[in-house]
1. Work out how much length Ile105 to Glu166 would gain on full extension: take 0.36 nm times their residue separation and subtract the Cα-Cα distance, in nm to one decimal.
2. By how many nm would the segment from Met29 to Glu73 grow when fully extended, if each residue of separation counts as 0.36 nm and the alpha-carbon distance is taken off?
3. Would you calculate the separation in nanometres between label points at Ser87 and Asp244, each defined as 7 Å from the Cα along the Cα-to-beta-carbon direction?
4. If you build a Gaussian network model of the chain, linking Cα atoms that sit under 10 Å apart, which residue out of His12, His86, His35 swings the most?
5. I need the calculated FRET efficiency for the pair Asp5 and Phe235, taking r as the beta carbon distance and R₀ as 30 Å, to the nearest 0.05.
6. Based on the Cβ-Cβ distance from Asn176 to Glu44, what FRET efficiency comes out when R0 is 30 Å, to the nearest 0.05?
7. Taking only DSSP H segments of four or more residues, each worth -39500 (n - 2.57), what value at 222 nm results for the chain once the sum is divided by all its residues, to the nearest 500 deg cm²/dmol?
8. Could you give the spread of the C-alpha atoms of the chain along their three principal axes, from largest to smallest, in whole angstroms?
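Readers should treat all values here as calculations from the given coordinates under stated rules, not as data from a laboratory. Values in this document were obtained by computation on a predicted structure and should not be read as measured data. Don't worry about glycine lacking a Cβ; one is built from the backbone with ideal geometry, like all the others, and counts go over all protein chains shown.
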Amino acid sequence: MTNIDPQNLPRHIAIIMDGNGRWAAKHTMGRISGHKKGAESVRETVRACRELGIKCLTLYAFSVQNWLRPSSEVNGLMNLLEEFLHSEAQELIDKGIRLTMIGNIDALRETVKKVLEDVILKTSQNTDMILNLALSYGGRDEIVGAVKKVLRDYAAGKITPENVTEEYFSTCLDTNALPDPDLVIRTSGEYRISNFLLWQSAYTEFYFTDVLWPDFRRDDLMEAILAYQKRERRFGLTSDQIQDGQGKGQGNSD
Ligand code: FPP
């Protein structure tokens, strides 16, 4: 495989981890076994991103809509998440990885919330990489939350309609200080955005692979990054303008 260019890495990779259920069916196993295997891919992907120098990785681990799945599957996913946070905490601390989350933390059960808050706090000073988990997350839900924040700021006299800019609105989203994703990967051959980072993905490059998430390994990540590096990010400009360096300062092109 051609080497990836360390000078042109996506600063922020976000992944829609899809295909756990189909992986389980293919191996005549229950859906939770697919999610368990998917947790191994999470571990490997976090390690690979850290080693490659990716600064931010967002994983779509549980959507607002996922609450509607059978309660046995929801419980199984929450158990896995809790186990993952307990087992990975020390590695995150040691490797300089800061854990953050987007979505509704209060919707999570108490035991998950507790360990999540604990690891977020213990890793809050880490600066090498951010692992951002989307939990009970929905893009529309997040935008509605941001509008409520704008209205609260308006009521408190902190903002006027004239002051509402894209930059200000971005700070009202859950992602707040995070850079927009440069690359969104979706596994399992589905071509949808599924309510993920709707505002933030305005200029994101998308990469779709047929690989089911539990089979996703370091080489698949490298392939996605290589594909990203072959793209020309134009941010609405022409190709000639980009060659002249006018796209500098947009996204990760600075
Ligand atoms: C989508 O596959 C996957 C999910 C809804 C959950 C993702 C969870 C994990 C990868 C494991 C735990 C996460 C962490 C962070 C430890 P699907 O069930 O929709 O698959 P299908 O479309 O094939 O049915």
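1. Numbers: separation 61, 0.36 × 61 = 21.96 nm, distance 2.54 nm.
My answer for the length gained is 19.4 nm.
2. Details: separation 44, 0.36 × 44 = 15.84 nm, distance 1.34 nm.
The Met29-Glu73 span can extend by a further 14.5 nm.
3. Going by the 7 Å Cα→Cβ label model, 5.5 nm.
4. Of the options given, His86 has the highest mean-square fluctuation.
5. Details: r = 20 Å, r/R0 = 0.65.
Efficiency computed from Cβ-Cβ geometry: 0.95.
6. Details: r = 28 Å, r/R0 = 0.94.
Efficiency, rounded to the nearest 0.05: 0.60.
7. Working: 8 runs with 106 residues, N = 254.
Value at 222 nm, helices only: -13500 deg cm²/dmol.
8. Rounded to whole Å, the extents work out to 53, 52, 35 Å.
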